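Note sheet for the following structure.
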Amino acid sequence: MRAYGVAILALIDNLSEVKFEYEVDGEKCVLSVDTDEASEFAGENIKEIGKDITKLQVLIEKTVLYTETVWLIGDCVVPEA
């Protein structure tokens, strides 16, 4: 989920934090990612990455949300057609 948060922060200008709330075995969990964390992961300002399609592609590949051969959907690996 952290990877999705990083990508979302890159793409939405006026968003500074993404928070996921979910349950695991009945226990409530919260995962948050802010622009500082996302920028640290990306190696540069996450908002600047969102403005440059080439940098955005590199970020998406780095998060492993997309590769040339598969899309990762949740915990499932789905081969490209």
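At-a-glance table
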{"read-out": "Heavy-atom SASA rank of E61, E27 (probe 1.4 Å, accessible area, largest first)", "value": "E27, E61"}
{"read-out": "Area accessible to solvent at D36, 1.4 Å probe radius, in Å²", "value": "110"}
{"read-out": "Computed label-point distance, nm, for sites I12 and E40 using a 7 Å Cα→Cβ extension", "value": "2.2"}
{"read-out": "Candidate residues F20, F41: accessible-area rank, largest first, probe 1.4 Å", "value": "F41, F20"}
{"read-out": "Accessible area (Å², 1.4 Å probe, nearest 10) - K19", "value": "120"}
{"read-out": "Surface accessible to a 1.4 Å probe, S16 within the full protein complex, Å²", "value": "80"}
{"read-out": "Q57/R2 FRET efficiency (R0 22 Å; Cβ-Cβ; nearest 0.05)", "value": "0.70"}
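The values are calculated or read from the model by the stated rules, or taken from the named source; none is laboratory data. Since the structure is predicted, the reported quantities are computational estimates derived from the model, not experimental observations. FYI the Cβ positions are ideal-geometry reconstructions off the backbone, even for glycines, and counts take in every protein chain you see. Please note that ligands, DNA and RNA were not included when accessible areas were found on the heavy atoms of the full protein model with its side chains. Shrake-Rupley method; radii C 1.70, N 1.55, O 1.52, S 1.80 Å.
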